[in-house]
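Here the structure comes first, spelled out in structure tokens, and everything after it is commentary.
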Amino acid sequence: MELAKVTSKGQITIPLMIRNLLQLKTGDKVFFEESQGRVYITNASQITLSSVQKNMEGEAEKAGFETEEDVVAYIKELRQSR
């Protein structure tokens, strides 16, 4: 458990252990979510990545990609056609 003090402007310093756990770097944004009287903090980029991964689930198979090499070959083909 970590403790942080709220300033008169409502600001806090996120303890180093928590920043490391969330992989937060200077300039990163955090997401606050309330659920059943508790507030959770998450690295906003992790939420975005999870959302993209969820939305893309199954798309590689639909496009006919079976391996990572298939994807790499497709990207190389796209780059050459430019």
Any idea what the relative contact order of the range 1-64 is, in percent, if you count C-alpha pairs under 8 Å spaced at least 6 apart?
-> 18
Quick one: what Rg and Dmax do you get for the chain from the alpha carbons, in Å?
-> 19.8, 57
For Asp28, the residues 5 or more places away or on another chain with a placed amide H closer than 5 Å to its own amide H are none
Which angle between 0 and 90 degrees, to the nearest 10, do you get for helix 44-56 versus the longest principal axis of the chain when only C-alpha atoms count?
-> 30
Taking only protein heavy atoms into account and a 1.4 Å probe, give the accessible area per residue of the chain in Å².
-> 96
Net charge contributed by nearby residues that have their C-beta within less than 9 Å of Ala44 (K/R +1, D/E -1) = 0
Over the chain, with every protein chain in place, what whole percent of the accessible area is carbon and sulfur at 1.4 Å, could you tell me?
-> 53
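The values are calculated or read from the model by the stated rules, or taken from the named source; none is laboratory data. For clarity, every value in this text was computed on a predicted model and none was experimentally measured. Glycine gets a Cβ as well: all are built from the backbone with ideal geometry, and neighbour counts include every protein chain shown. For the accessible areas, the whole protein counts, side chains as well, though only heavy atoms, and no ligand, DNA or RNA atoms are used. Shrake-Rupley method; radii C 1.70, N 1.55, O 1.52, S 1.80 Å.
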